[in-house]
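Below you'll find the structure, written out as structure tokens, and then a few comments.
The values are calculated or read from the model by the stated rules, or taken from the named source; none is laboratory data. For clarity, every value in this text was computed on a predicted model and none was experimentally measured. Using ideal geometry, Cβ is built from the backbone for each residue, glycine included, and neighbour counts are taken over all protein chains shown.
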Amino acid sequence: MASYQSADVVRRSATTFTPPQVRHDQEVAKLIDVSKCIGCKACQSACLEWNNLQEEVGINTGSYQNPHDLTENSWTLMRFTEWDNPETQNLEWLIRKDGCMHCADPGCLKACPAPGAIVQYANGIVDFVSENCIGCGYCIKGCPFNVPRISKVDQKAYKCTLCSDRVAVGQAPACAKACPTQAISFGSKEAMLDLAGERIVDLKSRGFDKAGVYDPAGVGGTHVMYVLHHADKPEIYAGLPANPRISPMVELWKGATKYVGMGLIAAGVVGAFFHRVIAGANSVSAADEANAAALVDKTGGQA
Amino acid sequence: MLESLSRRAFVRGVGAGLAGTALGFGGSEQALAAEVRPFRLSRALQTRNTCPYCSVGCGVIMYARGDGSKNARRELIHIEGDPDHPTNRGTLCPKGAALLDFVKAPTRTKHPMYRAPGTNEFKQVSWDWALDRIARLMKDDRDKNFIAKNAEGVTVNRWISTGFLAASATTNETAFMTYKAVRSAGMVVFDNQARV
């Protein structure tokens, strides 16, 4: 891909080599304040428009959620939940903007077997490099938030890029820019945590004593964070995992199994060496040479 | 070259290469090459405008390909909120954020269309023809149904048989003129979507 901008890569899928980092890039983050969201879907529109994507016209199934799930085109989705608060007997309409969380420890990148198909930049953005993607779908298994989707057109995986192209030139992601209620903010991770702190103080003063920030430690923190009014129960927000972790199968396969496998390969090499030393090289008998010569004579040296 | 490469040397070379790849020594030179999608608005022509949907009147910036040179035809490629506009300060609603599709929609009305009574098809007409016809019908209707005085003989100057629907994304001056024109004709039914 021809390009005139680059970002420092700190991690790269299926590659043990990582270029050493001399420069220090500031970590960026997007903060989604669930309590300010009105579910207008401006973020969804802006996302499709900026990324030159089109979503199919869907059907209504009795929810404002449209499309019904994340797709290879819709990298972000408003998820609507009607929740009966058992304490107040109030019906609460919870709206959560779903999409890639840009984990500090990305499960997709860990699971990916294609070198360089998933990279993590120094600013924290986890990006899919489509030209290296082999469409195996391991990233979906590796993702604790079930975010990536495989395109039916080119069989490659797609998800939110946190508008890495916009961030690279000092712009905010398209969704964050569009949001008319300031439910989505973008800035340095530090600034976003500060803002979250202010919002939590405000929410607590309004009676939401369990208000908090969602920046799960199980994946090393994320570069997309939520302010939740019920931070003690993230699951009520359309199944946001309380303690997201990379699947143990992925950890095992990309962890212990990898080293055991390498050990077996090394054992094979060592074994072959000792076999050579002890048993010697394969020798060609005089009869074999004679047979081969006879074959060459028969064909006149032509294959 | 090939003759000098024995079968044994070839097998040995391939084996070493495979071992190197399996142990993760491959691809280090590509690690530096991963790059983000190029920013697509770098030299795009920026034009300020106002979102045409509702009367909030958000400011938008329209980005077009082409630098204005004679042979490069301008083409709208992107629209987003104007951060310097006091109304929306860069934000947009879902309709505004998808304005590009609105502009490019194949069903977008670009000319005055006329459906004659009793037909089910629209046909394209000229602005002159359309405005003449509208003026003629309005005049006829007003002459016929204008109420100058009510039952008590009080002057009311009402024209209630015709309504007027004006656009929302107008300037103050346009809105003022529209209001004056409509009300001075006595028209009562009037909406310029200023209620959104």
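Below, the figures for the structure above:
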| quantity | calculated |
| --- | --- |
| Subset of the stretch B:34-55 [hydrophobic (A, V, I, L, M, F, W, C), more than 9 Å from every other protein chain (Cβ to nearest Cβ) and assigned to a loop (DSSP other than H, G, I, E, B)] | B:A44, B:C51, B:C54 |
| Only one of B:V189, B:V156 that is farther than 22 Å from B:Y53 by Cα and either touching a strand residue (DSSP E or B) at 6+ places or on another chain (Cβ under 9 Å) or not polar (S, T, N, Q) (or both) | B:V156 |
| Test: residue in the stretch A:66-82 that is more than 23 Å from A:C163 (Cβ to Cβ) and either within 15 Å of the chain's Cα centre (by Cα) or aromatic (F, W, Y) (or both) | yes |
| Strands (runs of 3 or more DSSP E) enclosed by the stretch A:171-257 - at least 1 residues per element that are over 28 Å from B:H85 (Cα atoms) | A:212-214, A:224-228 |
| When residues of the stretch B:148-163 are limited to those that are in contact (Cβ under 8 Å) with a residue 24 or more places away in the chain and hydrophobic (A, V, I, L, M, F, W, C), the one surrounded by the most Cβ atoms within 10 Å (Cβ to Cβ) | B:W159 |
| Any hit, the stretch B:59-72, residues being surrounded by 16 or more Cβ atoms within 10 Å (Cβ to Cβ), at pLDDT below 95, within 13 Å of the chain's Cα centre (by Cα) and within 25 Å of A:L77 (Cα to Cα) | no |
| Test: residue in the stretch A:133-144 that is part of a strand (DSSP E or B), closer than 30 Å to A:T257 by Cα and either assigned by TED's automatic domain parsing to the domain that holds A:G218 or at pLDDT 95 or above (or both) | no |
| Residue list for the stretch A:141-194, filter: closer than 18 Å to A:C43 by Cβ and surrounded by fewer than 19 Cβ atoms within 10 Å (Cβ to Cβ) | A:Q171, A:T181, A:Q182, A:G187 |
| Selection from the stretch A:67-79 of residues that are in a loop (DSSP other than H, G, I, E, B) and either of a type outside the set (D, E, K, R) or within 18 Å of A:C179 (Cα to Cα) (or both) | A:P67, A:H68, A:L70, A:T71, A:N73, A:S74, A:W75 |
| Qualifying residue in the stretch B:124-138 (condition: surrounded by fewer than 16 Cβ atoms within 10 Å (Cβ to Cβ), hydroxyl-bearing (S, T, Y) and at pLDDT below 95) | no |
| Residue identified as free of Cβ contacts under 8 Å to residues at least 60 places away in the same chain and in the same structural domain as A:V28 (by TED's automatic domain parsing) among A:I200, A:I236, A:I184 | A:I200 |
| Candidates A:G212, A:G221, A:G207, filtered to the one that is more than 14 Å from chain B (Cβ to nearest Cβ), of a type outside the set (F, W, Y), more than 30 Å from B:I79 (Cα to Cα) and loosely packed, with under 15 Cβ neighbours inside 10 Å | A:G207 |
| Answer residue from the stretch A:17-66, given it is assigned to a loop (DSSP other than H, G, I, E, B) and charged (D, E, K, R) and is farthest from the other protein chains (Cβ to nearest Cβ) among those | A:E27 |
| Test: B:A166 is touching a helix residue (DSSP H, G or I) at 6+ places or on another chain (Cβ under 7 Å), farther than 28 Å from B:A64 by Cα and either of a type in the set (A, V, I, L, M) or assigned by TED's automatic domain parsing to the domain that holds B:S55 (or both) | yes |
| Some residue of the stretch A:146-164 being under 27 Å from B:T91 (Cβ atoms), more than 14 Å from chain B (Cβ to nearest Cβ) and among the hydrophobic types (A, V, I, L, M, F, W, C) | yes |
| Some residue of the stretch A:9-23 being assigned by TED's automatic domain parsing to the domain that holds A:C100, closer than 20 Å to A:K97 by Cβ and in contact (Cβ under 8 Å) with a residue 40 or more places away in the chain | no |
